[in-house]
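Right, one structure below, let's go through it.
The values are calculated or read from the model by the stated rules, or taken from the named source; none is laboratory data. On a predicted model such as this, the values are computed, not experimentally measured, just so you know. When we count neighbours, we look across all protein chains shown, and the Cβ atoms used for this are built from the backbone with ideal geometry, even at glycine. For accessibility, only protein heavy atoms count, side chains too; no ligands or nucleic acids. Shrake-Rupley method; radii C 1.70, N 1.55, O 1.52, S 1.80 Å.
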Amino acid sequence: MKKGVMRPGHIQLRVLDMDEAVSHYRDLLGLIEVDRDDQGRVYLKGWTEVDKFSVVLREADSAGMDFVSYKCLNEGVVDSLKQELIEYGCNVEEIPEGELKGCGRRVRFDSPTGHQFEIFATKEQTGKWGLTQKNPEAWPRGLTGMKATRFDHCLLYGPNIAGTIDLFREVLGFDLAEQVLDDEGTRLAGFLTVSMKAHDVAFIEHPEPGKLHHASFFLETWEDVLRAADLISMTDTSIDIGPTRHGLTHGKTIYFFDPSGNRSEVFAGGDYHYPDHEPVTWGADTLGKAIFYHDRVLNDRFLTVLT
Amino acid sequence: MKQPINATPYPQDTHRIHILDSEAVFEARADLNLLVAMEKARAQGIGIGCRGGGCGKCRIRVLKGEYDSKRMSRAWVSEADEAEGIVLACRIFPRSELVVESEMLPLAEPYQPRSSSKLQSAAIK
């Protein structure tokens, strides 16, 4: 049941070298650099996104994800969900307005998988980059690299995904769109949506808490995915796998790494989900095909290389 | 692996690398990180992960030799580790002949990035 959470809002990633990271996210992925702050953090967005930013890079001595944040309809939703999160048993923290430039107050909470999440409702809206609000052209000129259109979702690894998935469904109103079940019916992976997208966030069961598998960015077409693959080769960027298709969500995809080892995905297409849809289920015995639909074999890196 | 042009002081130099575990021996260019040099030589013995100093999969101990290093994740290599020669192969650049061996990760869990996770076990079964 929808609870007033709309969509992924922003993700803050740790990087080992800011200049190299900016080169990856801005010049290769083609995100727009929109701001920097006095902590040295860099703010970026995909060109179709109306809010000011969706990706924040922070230089640190480890890679990985600091937090991912979801945008709600209004401040009233944030207030009521904050109360529900407290009652659910989360450790909840208010982050004041302006801690991220152009963003209102955020409510941060922890989770059984060891990840930090946030909800918020207010962020400066600068509109789609390079387009006017009235009579907009099809796309802006001056885009670079893969021309990624938006931050789409992230896949997170940690222990007790059952707990985090329950939190997202019961408190935040996400639906379970797709899942992987083992022979005993234990859920090993869950793909959750709060929209019509196949996933707004996904979880895979894993012993280490708080791990990031990848941050994903949306492209329009399969041709764009191939072009992204060309750019990965042209720039000698560390590749994981692809271009290929997932069985889960059926998205067309390529995985590669940022210069600090955080995995990036760009993808196109994929299934849609309405609230009355039963979850799509893959069996663990078909896992190779579920993850990589063409190879039908899971590579070791997909399950073990995390930040 | 992308390296800034200025970070290649000895591009013509190559150094012999010995990996004890796999008994692999290969020539590594001084301007490539050790992991990518191993991949280019089609040698094996060090785990291949992100190639960016983040995931810890190529954690090794350098037993002998000189190298320069770039920043690597403190999640996998502490300052004390680094002082002992424990590094991520994707973040070091050989400056002499090196002898290395792979080094298990310091995790409380029995799980190691190189070993099977629950999902993987299910898939294999």
Per residue solvent-accessible surface (Å²) - the range B:2-107, probe of 1.4 Å: 46 Å²
Over the range B:2-107, relative contact order from alpha-carbon pairs under 8 Å, at least 6 apart, %: 31 percent
Contour excess over end-to-end distance, with Cα ends at B:K40 and B:V99 and 0.36 nm allotted per residue: 19.4 nm
Principal axis dimensions, largest first and in whole angstrom, of the protein assembly as shown by Cα: 63, 52, 41
Relative contact order (%) - the range A:131-272, alpha-carbon pairs under 8 angstrom, separation at least six: 24 percent
For the range A:70-197, alpha-carbon Rg over 2.2 N^0.38 Å: 1.28
Interface burial for B against A (accessible surface, 1.4 Å probe, total of both chains, Å², rounded to 100): 2900 Å²
Hz values of 3J(HN,Hα) by residue in the range B:19-36 - Karplus curve (6.51, -1.76, 1.60), Gly and Pro given as x: 9, 5, 4, 9, 6, 7, 10, 8, 9, 10, 6, 6, 9, 10, 5, 4, 5, 5
Chain A, relative contact order [Cα under 8 Å, separation at least 6], %: 18 percent
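Using only helices, what value at 222 nm comes out for the protein assembly as shown when you add -39,500 (n - 2.57) per DSSP H run of length 4 or more and divide by the total residues, to the nearest 500 deg cm²/dmol?
-4500 deg cm²/dmol
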A:N91 versus B:D13: modelled label distance in nm, points set 7 Å from Cα along the beta carbon direction: 4.6 nm
Debye equation applied to the C-alpha atoms of the range B:2-107, log10 I(q)/I(0) at 0.12, 0.17, 0.23 Å⁻¹: -0.33, -0.68, -1.31
Neighbourhood net charge (10 Å Cβ-Cβ; Lys/Arg +1, Asp/Glu -1) for A:W47: +3
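Let me know the longest stretch in chain A that avoids all GluC sites (Glu not before Pro) found in a DSSP loop with at most 14 other C-beta atoms within 10 Å.
A:1-96
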At least 20 Å² accessible surface lost relative to isolated chain, residues of the range A:49-98 (1.4 Å probe): A:D61, A:S62
Low-density loop cleavage sites - trypsin sites (Lys or Arg not before Pro) in the range A:1-76, where at most 15 other Cβ are within 10 Å (DSSP): A:K2
Förster radius 30 Å - calculated FRET efficiency between A:D295 and A:S233, Cβ distance, rounded to 0.05: 0.95
Under 5 Å, built H, 5+ apart or other chain: amide partners of A:D152: A:S216, A:F217, A:F218
Using θ = phi - 60° and Karplus 6.51 cos²θ - 1.76 cosθ + 1.60, couplings along the range A:130-139 (whole Hz; Gly, Pro as x): x, 10, 8, 5, 9, 6, x, 6, 5, 7
Probe 1.4 Å, accessible area per residue of chain A, Å²: 38 Å²
Cβ-defined net charge surrounding B:R29, 11 Å radius [Lys, Arg +1; Asp, Glu -1]: -2
Top of A:V107, A:V297, A:V171 by mean-square fluctuation, Gaussian network on chain A, Cα under 10 Å: A:V297
Distant-in-sequence amide H partners of B:C55 (H built 1.01 Å from N, under 5 Å): B:C50
Enclosed volume per residue, in Å³, of the convex hull spanned by Cα atoms of the range A:150-307: 110 Å³
Interchain or long-range residues, amide H under 5 Å from A:G9's placed H: A:S69, A:Y70, A:K71
Positive minus negative residues near B:H18 (Lys, Arg vs Asp, Glu; Cβ under 12 Å): -3
Percent accessible area from carbon and sulfur atoms, the protein assembly as shown, protein chains only, probe 1.4 Å: 48 percent
